Every structure is written in C-alpha cells, then in structure tokens.
Amino acid sequence: MRILYLDIDTLRPDHMGCYGYSRNTTPNLDKVAKEGIVFENCYCSDAPCLPSRAALISGKLGIHNGIVGHGGTAADRPLVGARRDFQDQTERDNLFFTLRKAGLYTASISTFAERHSSWWFMAGTNETHNVGGQGGESGEEVLPVALDWLERNKACDNWFLHLHVWDPHTPYRAPAEFGDPFEDVPLHSNWITEEIFAEHLKKAGPHSAQDLNGGHGDDNPQYPRYPGNLKNLADVKRFIDNYDCGIRYADHLLGQILDVLKQQGIYDETAIIISSDHGENMGELGLYAEHGTADNITHRIPMVVKWPGGTKGKDTELRYNVDLLPTIADMLSVPASKAWDGNSYAALLQGNGESPGRESLVLSQQAHVCQRSARFGDWIYIRTIRDGWQLFDDEMLFNLKDDPHEQFNLAAKHPELCAQGAKIIFDWQIENMKTATSDCDPMWTVYQEGGPHHANDRDFEYYMRRLETSGRVDSAEKLRVRYNRPKQA
C-alpha cells in the first residue's frame, strides 16, 4: 500500500476547479479529484496552521490535545504528568505511528515542525526532510527533495509520504518567471463592489485592507506579489490574482509528482489525499490574506481522497479533519484509539456502507481572535470572546447558502438561530471538558494570558497608534473603550 498526502498550505476549496472555481488554478489536482471523492463540507476543527495540524496528527480536537493558539501555553501540548508511561501515548496513537502499525514506512517533507517549534509533528516518521525555510520557502526548493525520494523508493511498497508546500500562504512568493497566469482572467465573483471596499478601507484589524502585514501596511520589496495595503478594486484583483497564482504554482509542482507516479507505473495503486490546514479570507469579514477567524472561509478545507478501488463522487456531509485518522486506520485494519475524536468514513471510501456525518460542527480559533462557531444546516453562528482588535459583534450569524462571502450578519433578525448555535457550542464544551485532561478549557488559557498571540495585550498600544495615524481614530477610540485601555496622556 502506498499513500501520498499532498498538504497545500492555506488552500481554500472554492478556489479549486473540482470545487466549482471558474479559474484554472488546479488542473492537475482536479484530475485526481475525478478519480476519488471530493468532500464538500470538511472543516478543520481548530485554526489556523498549528492548531489545525495538531488536530489532524493527533486525531483529537484542540480542547483535548491542548493546542489552540500560536503562542503561550496553548501552543504546546500539555504534559501528561504522573500518568505518563515510558512513551507518551499521544504520540503512539498519532497519524504516523498508526501508519507504522499498519506496516508502512513513513516520511514527511515539511518545514512545519521547525516553523512552530512543534517537534511532536514528526513523531512516528521513519524519515523527515526539512529544507530549512521555516515556511518561507517556495515550492521549487521542496520539489527536488520529493522527486529524489520517489526515485529512491520507486521499487518499494508500503509507504506513506506527507508532502507539504506553502505557496498559497502569505507572502505570495511564486517565482517571477512563472508570470501572472490570471492577469487577464476575470475574477470568479465580483462581490466586492466600490461601496463594499470603501467600508473595508475604514475597517480596523490586522490584515484589514490597510494592514496586510499584520500591524502595518508597508510593502516588502522581497515579495513584489504581496503589497502592504490595498487602495482600490484594481489592487484587490491583483491581490486575488497573486493568491490564485500561488495555488496554480503549487499545482504545477505537484503535477510533476503525479507524473512521476504514472511514469513509475504506480499511480493507479497509490492512494492520494489532497488537503490543507485552513482556508484564506479574501475580503470576507473585511479581511484579506488572513486565516484568523472561526468563520466558514477559514475553517472549510479541501479534502479529496483517491483510494485504489474506492468510491468516486462527492460527499456533502459535515466532517472534521480529525475524521481522517480513524478512517485511514479503518482502511488499513488498525484498531482505533479510544482517545480519537474523529469518526471513520471508511465505509464510504470502500463503497460498502454508509458513513453519516455530523448534524453540526464546532469550530475554534484562538490564534488571532478568541472565537468559537457552530456550523449547522445552511448557517454559521460565530461567538466572539476577544475580537482581535476588529470590532466584531459579539454574535454573528450568516446564511452560507445565500451569503457565501459572509456579508450580512443576521443575528438580530434570527435570535432563535443564535440561541441554537450558542447551545451547540455550550453543549459541545460541556461534553468535551468531561473527557479533557486539563481542568481549563484552553480557550480560556489564551484569554487569561493576554489574548491571542497575534493580537495580544502587549501589542495593543502599537496597533492603536497605527489606527490613529492611518485615518481610523474612531476605531481606535472604540477599541480603547472595549478593552478598557484609555489613551495615556
């Protein structure tokens, strides 16, 4: 059995052809999708990068594995303590170790562990390759390593290769010689009008239109595809063009990997999984090139599975990324761990039974904001605990069928749906804390340590000055009231 996991960072599914995107961003990945199952409603339980992959690898939600943020206590797994055996059972039950139990040789080509000081990510790998860019590298540095690995292992069976490219992630860094493939291609949707963009220019918050580099709007000449701010709709189109260019470049590189599998005569018998850690807001909630909220755009991820002899088609059930680990275990006849939070959909892949999804999902974001949301039916209900300096309403409710870009907050119009969403979150928290290893919900750990890493109390004054010097004094004043931080004389 050979399994190839293509991990394309920051890839939102609705910018892929197999998910209905009109731009030709993913021609190679789309061919794989035709031979497998496209999961329409798969979500990372916890976002962004570090919490999402912690959930994927452990098979456990952030409230259980402890990693929900990008800094502070909640960016590390909690110590097991006195119950710890000779080996940590969390690692023994992770994705790579599970594959090892099935007799597969495991390898990873990724800089993720070093970027986030998360060395647990490599636990269970027989072989790990780190090109040393800490996520800043472009895919052409990764491709030769992957091609070499496939050449060295072309006669081997029973392997799992995790291959990770960062090209759709900020700052967009596709080589200049790759050109601008979408310069003359219309946007898939022109939902951002002059009126809407005028409001975006007024918005506060890191990664708002004026602050694409977090706390400032300065250009970085090292990344000409990634400006520091947006001034008009032409800038917005170029910005989306460059995000899509990063996706197309990643597809171009991964297409070469797929070609090698075909040349080696093993493509048909190789299981291929295509996914990402999270999506990317492109104007939704007034945010650009950001994955810092518990909204639908950030948490919905691509999940495409081509399994030899398996089912083809589409799946519309609500599913988590943590469902993948028990599914693979099932497919490889490895007993499931009682600690996993995921539900196997192996019967769906095998075509020999039903694999029902969930009635609702709870999504968590604690790296840029403190938010939890409930995804149910056509709706997403978002409850904000700390707003990441973005002046979000405490409650937001969006109808994703009618409003996929999350423009119209219907919370005031539908208090009954807000109550339903709030109850889903509350019940979920109660049930999961009953089986948590810590007495404290890690969301509250983030809150008590000064807020999320990317909008922490330590940086509050710096960003208020940024707002005050960029024509958004009113927003700064509102934030000072909200956070009880009066301006110093």
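If you check Asn24, Asn28 for being surrounded by fewer than 24 Cβ atoms within 10 Å (Cβ to Cβ), in a loop (DSSP other than H, G, I, E, B) and of a type outside the set (A, V, I, L, M, F, W, C), only one passes: Asn24.
Among the conditions (1) within 21 Å of Ile382 (Cβ to Cβ); (2) without any contact (Cβ under 8 Å) to a residue 40 or more places away in the chain; (3) among the β-branched types (Val, Ile, Thr), the only one that Ile425 does not satisfy is (2). In this entry, Pro452 passes the filter for residues that are closer than 20 Å to Gly388 by Cα and in contact with a strand residue (DSSP E or B) (Cβ under 9 Å, 6 or more places away or on another chain). Among the residues making up region 39-90, a single one is in a helix (DSSP H, G or I), under 22 Å from the mean Cα position of the chain (by Cα) and surrounded by fewer than 22 Cβ atoms within 10 Å (Cβ to Cβ): Thr73.
Residue pairs whose Cβ atoms lie under 9 Å apart, sitting 6 or more positions apart in sequence or on different chains, and linking a residue in region 286-301 that is more than 15 Å from Val362 (Cα to Cα) and without any contact (Cβ under 8 Å) to a residue 40 or more places away in the chain to a partner that is surrounded by fewer than 24 Cβ atoms within 10 Å (Cβ to Cβ) and of a type in the set (Ser, Thr, Tyr), do not occur here.
Selection of region 362-379 for residues being closer than 14 Å to Ser45 by Cβ and touching a helix residue (DSSP H, G or I) at 6+ places or on another chain (Cβ under 8 Å) yields Val362, Leu363, Ser364, Gln365, Gln366, Ala367, Arg372, Ser373, Ala374, Arg375.
Of all residues in region 268-297, exactly one satisfies the criterion of being surrounded by 24 or more Cβ atoms within 10 Å (Cβ to Cβ), of a type in the set (Ser, Thr, Tyr) and under 23 Å from Leu254 (Cα atoms), namely Ser276.
The condition of being at pLDDT 95 or above and on the phi > 0 side of the Ramachandran plot holds for only one of Gly214, Gly265, Gly246, that being Gly265.
One line per residue, one yes/no per condition, for (1) of a type in the set (Val, Ile, Thr); (2) under 22 Å from Asn229 (Cα atoms):
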residue: Leu417; (1), (2): no, no
residue: Ile425; (1), (2): yes, no
residue: Lys434; (1), (2): no, no
residue: Arg472; (1), (2): no, yes
residue: Arg482; (1), (2): no, no
residue: Gln488; (1), (2): no, no
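Of the helices (runs of 4 or more DSSP H) that lie entirely inside region 377-489, those containing 1 or more residues that are farther than 21 Å from Ala367 by Cβ span 415-433, 460-468, 473-482. Looking only at residues in region 337-389 that are of a type in the set (Ser, Thr, Tyr) and more than 20 Å from the chain's Cα centre (by Cα), the one that is modelled with the lowest pLDDT is Ser355.
Note on region 160-206: among residues that are among the charged types (D, E, K, R), touching a helix residue (DSSP H, G or I) at 6+ places or on another chain (Cβ under 7 Å) and assigned to a loop (DSSP other than H, G, I, E, B), the one that is surrounded by the most Cβ atoms within 10 Å (Cβ to Cβ) is Asp167.
So which residues in region 1-12 are surrounded by fewer than 23 Cβ atoms within 10 Å (Cβ to Cβ) and either among the hydroxyl-bearing types (Ser, Thr, Tyr) or touching a Gly at 6+ places or on another chain (Cβ under 7 Å) (or both), if there are any at all? Of everything in region 1-12, just one residue is surrounded by fewer than 23 Cβ atoms within 10 Å (Cβ to Cβ) and either among the hydroxyl-bearing types (Ser, Thr, Tyr) or touching a Gly at 6+ places or on another chain (Cβ under 7 Å) (or both), namely Tyr5. Among the residues of region 347-363, what is the count of those that are assigned to a helix (DSSP H, G or I) and surrounded by 21 or more Cβ atoms within 10 Å (Cβ to Cβ)? Adding up the residues that qualify gives 2.
Looking across region 242-282, the residues that are of a type in the set (Asp, Glu) and either assigned to a loop (DSSP other than H, G, I, E, B) or farther than 20 Å from Leu187 by Cα (or both) come down to Asp259, Asp268, Glu269, Asp277, Glu280.
Could you grab the pairs with beta carbons closer than 7 Å, sequence gap of 6+ or different chains, first residue in region 449-460 and at positive phi, second one part of a helix (DSSP H, G or I) and not acidic (Asp, Glu)? Hits for this filter: Gly450/Arg458. Residue pairs whose Cβ atoms lie under 6 Å apart, sitting 6 or more positions apart in sequence or on different chains, and linking a residue in region 464-485 that is closer than 17 Å to His216 by Cβ and touching a residue at least 24 places away in the same chain (Cβ under 8 Å) to a partner that is among the polar types (S, T, N, Q) and in a helix (DSSP H, G or I), are Leu467/Ser475. Inspection of region 110-126 identifies no residue that is part of a strand (DSSP E or B), within 18 Å of Leu56 (Cα to Cα) and touching a residue at least 40 places away in the same chain (Cβ under 8 Å).
Scanning region 28-70 for residues that are more than 23 Å from Val322 (Cβ to Cβ) and in contact with a His (Cβ under 9 Å, 6 or more places away or on another chain) gives a single hit, Asn28.
For region 418-434, the candidate set comprises residues that are touching an Asp or Glu at 6+ places or on another chain (Cβ under 9 Å) and of a type outside the set (A, V, I, L, M); within that set, the residue that is surrounded by the most Cβ atoms within 10 Å (Cβ to Cβ) is Gly421. Total residues in region 381-402 satisfying the condition of being of a type outside the set (Phe, Trp, Tyr), at positive phi and buried (at least 21 other Cβ atoms within 10 Å of the Cβ): the figure is 1. Filtered by the rule that a residue be in contact with a helix residue (DSSP H, G or I) (Cβ under 7 Å, 6 or more places away or on another chain) and touching a residue at least 60 places away in the same chain (Cβ under 8 Å), region 265-274 gives Thr270, Ile272, Ile274.
The values are calculated or read from the model by the stated rules, or taken from the named source; none is laboratory data. None of the values given here were measured: they were computed from a predicted structure. A quick note on method: Cβ atoms are made from the backbone with ideal geometry, for glycine too, and the neighbour counts reach across all protein chains shown.
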